[in-house]
Amino acid sequence: MKLKKYIPLIIMACLVLGAAAFLLLHGSISVEELLAWSPENAWLAALVALLAYALKSQTVVIPYALIATAVGLVFDLPAALLVNAAGSVICISVPYFTGRSSDGLLVDGLLERHPRLGEVYEANRDHLFLVSLVLRVTNLSNDLLGLFFGSLRMSYAEYLLSSFIGILPAMVLYTVLGNDLDQLSPPVLICLGVDICCIAASWLVLRRRKRKERESEN
């Protein structure tokens, strides 16, 4: 029964090793190569993009920005945003369910071996939405974050919403860059500003809630 918990992690580990071996032998994948693999039919191209997101979500080593930018080049802006939004949900969700299916194997031992980390987790377990949002905005690996919060058994609805809000500015940024907008264009600067505001607001809310909790304990 315990072996069943390892199966999703073993599958993911095999995909990570396969992707790493491919990159070592082939070298890094460029946006131009992704475009060469894209079908001319728009619906097929969208399906290929979603499959690429699903594969990326289990390999860790494939950059999110690579796929999002390629989608921005293949489709016009509204369609590219829709495809990247759907792909982002896939990218967020697949690692989460991989981690959740492990039934805590990824984090339980880690928290036990590192008491300080366990204390930090206990202090923030009621604020996982904000913690997830902050970590997502800081552009940490989507795949590793999904494994982590899934293994913590965080509510999927909370995880999906916080993660999508956190990834949204980067998603828009890569999509508009794929549509050949200048890096200092208003949409790009707005996305960067939203990232900064999300981090600052989440940090302030977390700090305020902790202060209230300490006051109520006293």
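For region 36-54, a residue qualifies if it is surrounded by 14 or more Cβ atoms within 10 Å (Cβ to Cβ) and at pLDDT below 85, and exactly one does: SER38. Is it the case, given these coordinates, that SER57 is touching a Cys at 6+ places or on another chain (Cβ under 6 Å), over 15 Å from GLY178 (Cβ atoms) and either at pLDDT below 85 or of a type outside the set (A, V, I, L, M, F, W, C) (or both)? When the stated conditions are applied, SER57 passes them. Here is the figure for region 36-67: residues that are small (Gly, Ala, Ser), part of a helix (DSSP H, G or I) and under 19 Å from the mean Cα position of the chain (by Cα) total 4.
The values are calculated or read from the model by the stated rules, or taken from the named source; none is laboratory data. All of these numbers come straight from a predicted model, not from anything done at the bench. Reconstructed Cβ throughout: ideal geometry from the backbone, glycine too, with neighbour counts over all protein chains shown.
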